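The values are calculated or read from the model by the stated rules, or taken from the named source; none is laboratory data. Remember, predicted model here, so these are calculated numbers, not experimental data. Note that each Cβ is placed from the backbone with ideal geometry, even for glycine, and that neighbours are counted across all protein chains shown.
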Amino acid sequence: MISKWIGKRVVMGIIVLFIVSFLSFFIMHAAPGDPATAFYGGNAQTLNAAEKERISRVFSLDRPVIVQYGAWLWETVQGNFGYSSKEGRPVSVILFERLPNTLLLFSVTMFFIIVGSIWLGTVAGMKAGSMWDKGLSTISIASSSIPPFWLGILFISFFSVKLGILPSSGTEDVGGDGGLMDKIRHLIMPAAVIILTHVGIYARFLQESIKTESNKYYVLVARANGVAKREIQKGILRNASIPYLNYIGMTIPSFFGGAVIVESLFSWAGLGQLMVKAVMTKDFPLIMGGILSIGLLVVSSLLIIDLVMYGVDPKLRKGAYSK
Amino acid sequence: MLNVDRLTIEIDGKCVVEESAFSVRPGKITSIIGESGSGKSMTIAALLTILPLGAKATGHALFNGRNLLDASKKEMDAIRKTHIFTIFQDAANSFNPSVKMERQLYTFSGGRRGDTVQQFRTKMTGLLDELELSVDILKQYPFELSGGMLQRCMIACALYVAPDLLIADEPTSSLDRVLQKEFIELLKRLNEEQGTTILLITHDLDVVVEVAHEMVVMQAGKVVETGSVATIFKQPGHPYTKRLLDSRF
């Protein structure tokens, strides 16, 4: 049963990746500019017409876009992402250099967002009408209204420029030992910006789910029959976690979108910063590799969330939603 | 067993039950009857101190000499846990959809009495069998069972707990005629075999005449008549009661 369910999700994920790559490929080629010049990556002024034609012929840029996409897809499914037109190195090598940093930033921020929002949302949701309840509504609006890049600049000017206690950019000190502490010092500000701009809204969603669940009929019946408060709260939390997990799943793609901005701001050498650079230099193979990698991260994250939901929600396990 | 006097319930300043008074005698089935909005369910919510936010109850509701309306939260938890069992109208939504029936039936019955899970299983298996429910339902979730099965599960818990007072709030309104009849028989059995006092809230006069000994008639938040079912059916004293009785097919 579960293997069939996972199989379905994986197939859906592959279809999503295929659609994303297809759209990205065509949108990139629809962008203004000469593909040969973009592919050359250097100073376009130095290319003459013959050289442009030669580049187009050698790299098949003169063929229809659909044929180019087919060729790219064929190579990609065999694990060949091509070469960066800017750096001349294999795209896969560049991606693997960047992937650990993005994974580190993503896992650390997601961990603190989930732990923080569960704590805040539960306390506020379970104490309806309390100061926690009212306070969280205000805090969540404030935190989700702050633009990450603005908060990032504020952090840099305060913690790096004024106090000088945290590095303003990079993933490790130049000439440093590259150890754990060095990494953590560089991670603090970008991670804090992402956490602070997300935790409030996630907590608020859980708070509302708990309040909705607390008013359900079965809670009234349990209360009327003297079921222990702890037992009732456990049931409420379990059920409230289902829409909460759904919400996390729905916001994962935009979460990655926000992380791209923060990576660029703090020059965090991750996939997001790489993507921004690749777009600026029109490095098509690298852009496609980056999009596919981020797409894969999103799809994998959603699969993990789906698996957790499968464990939490018996209706999903029993196929009750499809009946 | 239960004496309600001058019970008034206000929601956000608006009076929904006014100065109502009635008694529930031990070992009897007393029915509160009235149309929708007459304040029947709100009265029960006040007795169980589970009124919605913004609602306030005043007056007296003496249960075995203790006024439920001014009982502390701890006292009320203890009373609800050990002396009163309540069956609600909507059986399909009376259970947590994400928790298996065994766990929920245990918290509603064996857990209340401090029984071990093993003791609960033995006793509940017998009760389920009596109620023509398979023991397999213990391994199922509420959404896998019908409304009728879930209502019988609640009855099983009531039989298990054998409370001093069983409150049944419109328990048959979501059941079909066959299940309604079965349910009424179960209530009678509970009353006759275990001597359980029952407070039955309904708007169905057929149910009242079939099962209740005494009745309380409510209209627009007020108790307009109380007495034995036989007497009131024979000679209704209030015009509203008369109209209710005349409305029967």
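Observations
- The C-beta contact set for the stretch A:212-234 (first residue in a loop (DSSP other than H, G, I, E, B), second residue surrounded by fewer than 16 Cβ atoms within 10 Å (Cβ to Cβ), distance under 9 angstrom, 6+ apart or interchain) comprises A:ASN215/B:PRO52; A:GLY226/B:ALA78; A:GLY226/B:THR82.
- Whichever residue in the stretch A:235-250 is polar (S, T, N, Q) and facing chain B (nearest Cβ under 10 Å) and, among such residues, is nearest to B:ARG103 (Cα to Cα): A:ASN239
- Any hit, the stretch B:145-168, residues being under 30 Å from A:LYS315 (Cα atoms), of a type in the set (S, T, N, Q), crowded, with 19+ Cβ neighbours inside 10 Å and within 14 Å of chain A (Cβ to nearest Cβ): yes
- Long-range neighbours under 6 Å by Cβ, at least six apart or interchain, first residue over 30 Å from A:SER214 (Cβ atoms) and in contact (Cβ under 8 Å) with a residue 60 or more places away in the chain within the stretch A:133-162, second surrounded by fewer than 15 Cβ atoms within 10 Å (Cβ to Cβ) and of a type in the set (Val, Ile, Thr): none
- Considering residues of the stretch A:192-225 that are small (Gly, Ala, Ser) and surrounded by 24 or more Cβ atoms within 10 Å (Cβ to Cβ) only, the residue farthest from the other protein chains (Cβ to nearest Cβ): A:GLY200
- Figure legend. Inter-residue proximity from the stretch B:34-49: first residues closer than 15 Å to B:LEU68 by Cα, second residues part of a loop (DSSP other than H, G, I, E, B), beta-carbon distance below 7 Å, spacing 6+ or different chains. Indicated pairs: B:ALA45/B:LEU51.
- Per-region count, the stretch B:71-86, residues more than 22 Å from B:ARG121 (Cβ to Cβ) and buried (at least 18 other Cβ atoms within 10 Å of the Cβ): 5
- So B:LEU68, is it surrounded by fewer than 19 Cβ atoms within 10 Å (Cβ to Cβ), more than 10 Å from chain A (Cβ to nearest Cβ) and closer than 23 Å to B:GLU170 by Cα: no
- Candidates B:LEU133, B:LEU128 - the one that is surrounded by 18 or more Cβ atoms within 10 Å (Cβ to Cβ), out of contact with any strand residue (DSSP E or B) (no Cβ under 9 Å at 6 or more places or on another chain), away from chain A (no Cβ under 12 Å) and outside any helix (DSSP H, G or I): B:LEU133
- From the options B:ALA57, B:ALA78, residue that is more than 17 Å from the chain's Cα centre (by Cα), assigned by TED's automatic domain parsing to the domain that holds B:SER36 and small (Gly, Ala, Ser): B:ALA78
- Qualifying residue in the stretch B:211-228 (condition: of a type in the set (A, V, I, L, M), part of a loop (DSSP other than H, G, I, E, B) and out of contact with any Pro (no Cβ under 7 Å at 6 or more places or on another chain)): yes
- Among (1) within 30 Å of B:PRO142 (Cα to Cα); (2) surrounded by 16 or more Cβ atoms within 10 Å (Cβ to Cβ); (3) within 14 Å of chain A (Cβ to nearest Cβ), the one test that B:SER31 misses: (3)
- Residue in the stretch A:256-265 that is more than 18 Å from A:PHE149 (Cβ to Cβ) and away from every other protein chain (no Cβ under 14 Å) present: no
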